[in-house]
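Just below is one structure, and these are the notes that go with it.
The values are calculated or read from the model by the stated rules, or taken from the named source; none is laboratory data. As the structure is a prediction and not an experimental result, all values here were calculated from the model. Every residue, glycine among them, receives a Cβ derived from its backbone with ideal geometry; neighbour counts consider all protein chains shown. Remember, those area values only see protein heavy atoms, side chains included, never the ligands or the DNA or RNA. Shrake-Rupley method; radii C 1.70, N 1.55, O 1.52, S 1.80 Å.
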Amino acid sequence: SVVVVAPFTEEVIFRGFLYPAVNRYMGIHPAVFVTSALFTMAHQPQAFQDVIFALTIFLLSLMITYARALSGSTVLAIFLHLAYNLIYVTVGVVNYIIMRF
């Protein structure tokens, strides 16, 4: 669910609905920043336990939201988020296996 369900759900909410709504009132750059800040806050408590993790989530969100803004595609945002989560989970699993042996 972390690799498929979460990216789909989060991207539909943040880049599918929130970003376009904020963009209508503020323009692209403020909308990207606001959407990314809200996305980071939505990842509480993970994001606020570790400053590096919070910064990573914020920067990732900036990139995904700009990709969404430039392409006009929420599907692209979903795939970018899915790819990030897949890499994150894979690294975690590999790290667990290495540390176990």
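How far is helix 51-71 tilted off the main Cα axis of the chain, in degrees rounded to 10, range 0 to 90?
Once rounded, one gets 50 degrees.
Angle between the Cα long axis of helix 28-42 and the longest principal axis of the chain, 0 to 90 degrees, nearest 10?
40
Determine one quarter of the surface area of the Cα convex hull of segment 43-101, which equals its mean projected area, and express it in nm² to one decimal.
If I average the Cα hull's projected area over directions, I get 4.6 nm².
When the accessible area of the chain is split by element with a 1.4 Å probe, what percent falls to carbon and sulfur?
For the chain, the apolar C and S fraction of the accessible surface comes to 75 percent.
Would you mind getting me the FRET efficiency between T56 and Y96? Use the beta-carbon distance for r and R0 = 22 Å, nearest 0.05.
0.65
Could you tell me which label, among (1) 6.8; (2) 6.5; (3) 8.4, carries the value of mean projected area of the Cα convex hull in nm² calculated for this structure?
(2)
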